[in-house]
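Everything on this sheet refers to the single structure shown next.
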Ligand SMILES: Nc1ncnc2c1ncn2[C@@H]1O[C@H](COP(=O)(O)OP(=O)(O)OP(=O)(O)O)[C@@H](O)[C@H]1O
Ligand SMILES: [Mg+2]
């Protein structure tokens, strides 16, 4: 497992990472969320031993990233911010080079390279210099080098940034398939990605850990959690009847009163009572579903110091 203990990074008088402590266990996919400049990349750089902490420490499966750095790095794969690599190499040369650095030789080296080339669909660009690749392909090369040695720990800084929707889907699938016995730490600004791949989410702002919870529990903090979204073809009297229903806290309407969001009182479940009301009145329904909650609302409220219920 990974243990992060009172991790702090100062750049001159500025504190970029402020006393972070947490542990991550195998099988967990941890997502770092936070505004620009929150300290996510700096934390990842310290976890991977790329940057020395000002104070505090990180151990990866018992290896301290400062005084046992090589052992710690052997079992980690890292996609740094911006996916830097050697621009004048081709992906094939670069990946063969990385595989060699990771200690593979001969047939095993070739097999490793082929596996990641297939996983990241790099065949069409294998012999073009990395400098001339599109942004998304550069990132895919960066991901390929991070997983080439099948590491126990993967640290991926914005892994799907710049990828097209098909590749985003592929990379998320890849992370999900990888994660069974591994520790995966990703950072992202795409909140739906957190719900899609992470088992745990941390919101960081100003270098401090604000929230550490499951994505589902975070969504449940949204004011939309448990609300019913309803679109009718005729509005006649619906708003009044819904407002009068037991367990309804409030109803918001738009689109000539045809689109409704019905908010429950705390703990109330509105699906069945509203369903009954719809049938009783024989209202024609376009849309009817229960909201899980909006992670972006929760994120904004937490990182701007506001109220989730606003
Ligand atoms: N080498 C450095 N020298 C001085 N300040 C730095 C250095 N590296 C990072 N910082 C500062 O530390 C803070 C945290 O930066 P970091 O890159 O970790 O943020 P982030 O959460 O990854 O943001 P983003 O979402 O934009 O990627 C920022 O204010 C940044 O300017
Ligand atoms: Mg960053």
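The values are calculated or read from the model by the stated rules, or taken from the named source; none is laboratory data. No experiment lies behind these values; they were computed from the predicted model shown. Quick reminder, even Gly has a Cβ in these numbers, built from the backbone with ideal geometry, and neighbours come from all protein chains shown.
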Open item on the list: Out of everything in segment 8-44 that is more than 8 Å from ligand 1 (Cβ to nearest atom) and in a loop (DSSP other than H, G, I, E, B), what residue ends up being surrounded by the fewest Cβ atoms within 10 Å (Cβ to Cβ)?
Closed with: 13
Open item on the list: For residue 216, only one of the following conditions fails: (1) within 16 Å of ligand 1 (Cβ to nearest atom); (2) surrounded by fewer than 16 Cβ atoms within 10 Å (Cβ to Cβ). What is its number?
Closed with: (1)
TODO: From the list 87, 136, pick out the single residue that is more than 16 Å from ligand 1 (Cβ to nearest atom), in contact with a helix residue (DSSP H, G or I) (Cβ under 9 Å, 6 or more places away or on another chain), in contact (Cβ under 8 Å) with a residue 12 or more places away in the chain and under 21 Å from residue 194 (Cα atoms).
DONE: 136
Task: Enumerated helices (runs of 4 or more DSSP H) restricted to segment 154-257, each holding at least 1 residues that are in the same structural domain as residue 33 (by TED's automatic domain parsing) - done: 165-178, 191-197, 215-219
Task: Residues of segment 68-93 that turn out to be surrounded by 17 or more Cβ atoms within 10 Å (Cβ to Cβ), more than 23 Å from the chain's Cα centre (by Cα) and farther than 13 Å from residue 141 by Cβ, as a count - done: 1
Task: Enumeration of residues in segment 45-65 that are buried (at least 23 other Cβ atoms within 10 Å of the Cβ) and part of a strand (DSSP E or B) - done: 60
Task: Search result, residues across segment 38-58 that are in contact with a strand residue (DSSP E or B) (Cβ under 8 Å, 6 or more places away or on another chain) and within 16 Å of ligand 2 (Cβ to nearest atom) - done: 38, 39, 40, 41, 42, 43, 44, 46, 47, 48, 50, 51
- [ ] State the number of residues belonging to segment 47-75 that are under 26 Å from residue 210 (Cα atoms) and touching a residue at least 40 places away in the same chain (Cβ under 8 Å).
- [x] 12
Task: Failed item, numbered, when residue 205 is tested on (1) out of contact with any strand residue (DSSP E or B) (no Cβ under 6 Å at 6 or more places or on another chain); (2) buried (at least 16 other Cβ atoms within 10 Å of the Cβ); (3) modelled with pLDDT under 95 - done: (3)
Task: Residue among 96, 105 that is buried (at least 17 other Cβ atoms within 10 Å of the Cβ) and over 21 Å from the mean Cα position of the chain (by Cα) - done: 96
Open item on the list: Can you confirm whether residue 101 is out of contact with any strand residue (DSSP E or B) (no Cβ under 7 Å at 6 or more places or on another chain) and under 20 Å from residue 184 (Cα atoms)?
Closed with: no
Task: Selection from segment 72-87 of residues that are assigned to a loop (DSSP other than H, G, I, E, B) and within 16 Å of ligand 2 (Cβ to nearest atom) - done: 80, 81, 82, 83, 84
- [ ] Kindly provide the set of residues from segment 258-280 that are exposed (fewer than 14 other Cβ atoms within 10 Å of the Cβ) and more than 34 Å from the chain's Cα centre (by Cα), ordered by number.
- [x] 275, 276, 279, 280
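Per-residue answers, yes or no, for (1) away from ligand 1 (no atom under 14 Å from the Cβ); (2) over 18 Å from residue 112 (Cα atoms):
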residue	(1), (2)
150	yes, no
157	no, yes
173	yes, yes
176	yes, yes
180	yes, yes
185	no, yes
192	yes, yes
195	yes, yes
- [ ] Within segment 247-255, identify whether any single residue is surrounded by fewer than 17 Cβ atoms within 10 Å (Cβ to Cβ), over 30 Å from residue 215 (Cβ atoms) and free of Cβ contacts under 8 Å to residues at least 12 places away in the same chain, and answer yes or no.
- [x] no
